[in-house]
Amino acid sequence: MKYQPRERLQAVAGVHADMQRRALTRGERLARWTELLEQTPDRCLNTLSETEYQPAVARDAMRIAGSPITVAFEDSVLRADGLNDDTYGEAKRFFELSDWDLHQLVCSCHSGATVQADAVAQCVREVAEPSPGLFSMLLNALHVFRSSRPRTAHWI
């Protein structure tokens with residue numbers, strides 16, 4: 001095999017540094033975050049303190065080293081897809097989460113000062129695939145009930 005400089009290989013192979021790859025969907029980003037958390041399930045992660053009591057600007061700027069958000073930011077795939085830092089506001093934007101959802105994932109009021117990575121992974125999974133609400137379940141049950149009743153002719 002003959003040594004070739006990178007520039008020569010790029011010219012021959014037609015590699016373009018500016019080629020864009022497809023951006024990850026919200027579901028793919030959340031699934032990736034879940035996978036990263038599950039790689040070290042016993043890892044103790046730091047939580048953010050009382051996010052719900054902070055003004056929006058302060059809350060968005062909140063960060064702590066070694067948080068669940070830090071796990072996502074350490075990943076080159078998520079950074080390449082647009083995750084800019086490990087702040088609360090950036091995680092909210094990048095993962096398309098509501099304050100309520102992100103609060104459930106990273107706030108100290110749910111688990112104390114630290115939380116295990118596998119517990120956060122389970123919460124991320126639930127955010128990604130929410131269970132149906134009570135109203136949806138009732139409508140579904142009503143539909144199943146109506147479709148399973150025997151049909152009788154009504155004579156007028």
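What number goes with the only condition from (1) touching a His at 6+ places or on another chain (Cβ under 7 Å); (2) modelled with pLDDT of 95 or more that T87 does not pass?
(1)
Restricting the first residue to the stretch 25-44 and requiring it to be closer than 15 Å to C123 by Cβ and free of Cβ contacts under 8 Å to residues at least 60 places away in the same chain, which pairs with a second residue that is crowded, with 18+ Cβ neighbours inside 10 Å and β-branched (V, I, T) meet a Cβ separation below 7 Å and a spacing of at least six or different chains?
L36/V71
If we keep just the residues of the stretch 40-95 that are among the acidic types (D, E) and under 20 Å from D118 (Cα atoms), which is surrounded by the most Cβ atoms within 10 Å (Cβ to Cβ)?
Of the stretch 40-95, the ones among the acidic types (D, E) are 42, 50, 52, 60, 74-75, 81, 85-86, 90.
If we keep only those that are under 20 Å from D118 (Cα atoms) too, we end up with 42, 74-75, 86.
Details: D42: 7, E74: 13, D75: 16, D86: 19.
In this case the residue turns out to be D86.
Please determine whether any residue of the stretch 2-25 is of a type in the set (D, E), at pLDDT 95 or above and either over 29 Å from A113 (Cβ atoms) or touching a helix residue (DSSP H, G or I) at 6+ places or on another chain (Cβ under 9 Å) (or both).
Taking the stretch 2-25 first, the residues of a type in the set (D, E) are 7, 18.
So of that shortlist, the ones also at pLDDT 95 or above come out as none.
Within the stretch 2-25 (the criterion being of a type in the set (D, E), at pLDDT 95 or above and either over 29 Å from A113 (Cβ atoms) or touching a helix residue (DSSP H, G or I) at 6+ places or on another chain (Cβ under 9 Å) (or both)), the answer is no, since none of the residues qualifies.
Restricting the first residue to the stretch 54-65 and requiring it to be free of Cβ contacts under 8 Å to residues at least 12 places away in the same chain, which pairs with a second residue that is buried (at least 18 other Cβ atoms within 10 Å of the Cβ) and in a loop (DSSP other than H, G, I, E, B) meet a Cβ separation below 8 Å and a spacing of at least six or different chains?
Partner pairs satisfying both residue conditions: Q54/M62.
Would you pick out the residues in the stretch 47-66 that are within 13 Å of T87 (Cα to Cα) and outside any loop (DSSP other than H, G, I, E, B)?
Passing the criteria: L48, T51, A56, V57, A58, R59, D60, A61.
Among the residues of the stretch 96-107, is there at least one that is within 30 Å of A61 (Cβ to Cβ) and either modelled with pLDDT under 65 or more than 14 Å from the chain's Cα centre (by Cα) (or both)?
So the first thing to find is which residues in the stretch 96-107 are within 30 Å of A61 (Cβ to Cβ), and the list is 96-107.
The next check asks that each one be either modelled with pLDDT under 65 or more than 14 Å from the chain's Cα centre (by Cα) (or both); those that pass are 107.
Looking through the stretch 96-107, at least one residue is within 30 Å of A61 (Cβ to Cβ) and either modelled with pLDDT under 65 or more than 14 Å from the chain's Cα centre (by Cα) (or both).
Against the conditions (1) modelled with pLDDT under 95; (2) of a type outside the set (V, I, T); (3) in contact with a Phe, Trp or Tyr (Cβ under 9 Å, 6 or more places away or on another chain), where does R29 fall short? Just the number, please.
Failed condition: (1).
Would you check which residues across the stretch 109-120 are at pLDDT 95 or above and closer than 23 Å to R59 by Cβ and list them? Steps first, please.
Filtering the stretch 109-120 for residues at pLDDT 95 or above gives 113-120.
Those that are at pLDDT 95 or above and closer than 23 Å to R59 by Cβ: A113, T114, V115, A117, A119, V120.
Restricting attention to the stretch 94-118, which residues are outside any loop (DSSP other than H, G, I, E, B) and free of Cβ contacts under 8 Å to residues at least 60 places away in the same chain? Full working, then the answer.
Of the residues in the stretch 94-118, the ones outside any loop (DSSP other than H, G, I, E, B) are 94, 99-111, 114-118.
Of everything in the stretch 94-118, those that are outside any loop (DSSP other than H, G, I, E, B) and free of Cβ contacts under 8 Å to residues at least 60 places away in the same chain turn out to be D99, W100, D101, L102, H103, Q104, L105, V106, C109.
The values are calculated or read from the model by the stated rules, or taken from the named source; none is laboratory data. Note that this is a predicted model, so its numbers are computed, not measured. Cβ atoms come from the backbone with ideal geometry, glycine included; neighbour counts cover every protein chain shown.
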